Amino acid sequence: MQKCGRVADIRQMDNYTDNKEWVVLIVEDSPVLRRMLEVTVEPLGVAVDHAISVREAKQQIARREPDIILLDLGLPDGSGTDVLDWLADEGLDDVRVVVASGVSDWDVVERALDAGGVGYLRKPYKPQDVRDLVSRLISIGQRASA
């Protein structure tokens, strides 16, 4: 009987990490891409927040700290690297940021990755690539917290 109790305890611990509600912040000024990203990651069981600018991204992060940010580098009021710099200034180094850009200038992408980005998506990207990347980041995070 005690053995069954231990199995149940282990299952409860596993469910705790599996059921953590992950928050994904999508920072994208294009309504079409923003919606595509949302319907791509929602089936992973994550909560989704949105922002269309650097200013809105900072507000959303202050309101509810995301676990993962899908960050467009080209925003109407600045660059996605401004968000990365702000995250570092605020000490939010554990937020996983995936930068996305249609820019073919590798220096811009390299700067974003050096500033804290953990991945890069080149536009146009496939929904499956986004889903796979976010799923991997969640899986890595679950293993790290176990």
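Read-outs: derived from the displayed coordinates by stated rules, not from any lab. Not measured: the values here are computed from a predicted model. Neighbour counts run over all protein chains shown; Cβ positions are idealised from the backbone, glycine included.
At a glance:
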item: Test item: Cα-centred dipole of the chain, Lys/Arg +1 and Asp/Glu -1 on Cβ, debye; result: 740 debye
item: Dipole axis of the chain (+1 Lys, Arg; -1 Asp, Glu on Cβ), positive-most option in 44, 66, 98; result: 44
item: In nm, spacing of pseudo-spin labels at residue 86 and residue 145 (7 Å Cα→C-beta vector); result: 2.4 nm
item: Prolate/oblate/rounded call for the stretch 104-146, Cα gyration tensor, a/c under 1.5 rounded; result: oblate
item: Alpha carbon convex hull of the stretch 32-146, volume per residue in cubic angstrom; result: 104 Å³
item: Förster radius 22 Å - calculated FRET efficiency between residue 21 and residue 62 (Cβ-Cβ, nearest 0.05); result: 0.75
item: Helix-only mean residue ellipticity at 222 nm for the chain, each DSSP H run of n ≥ 4 adding -39500 (n - 2.57), per residue, nearest 500; result: -16500 deg cm²/dmol
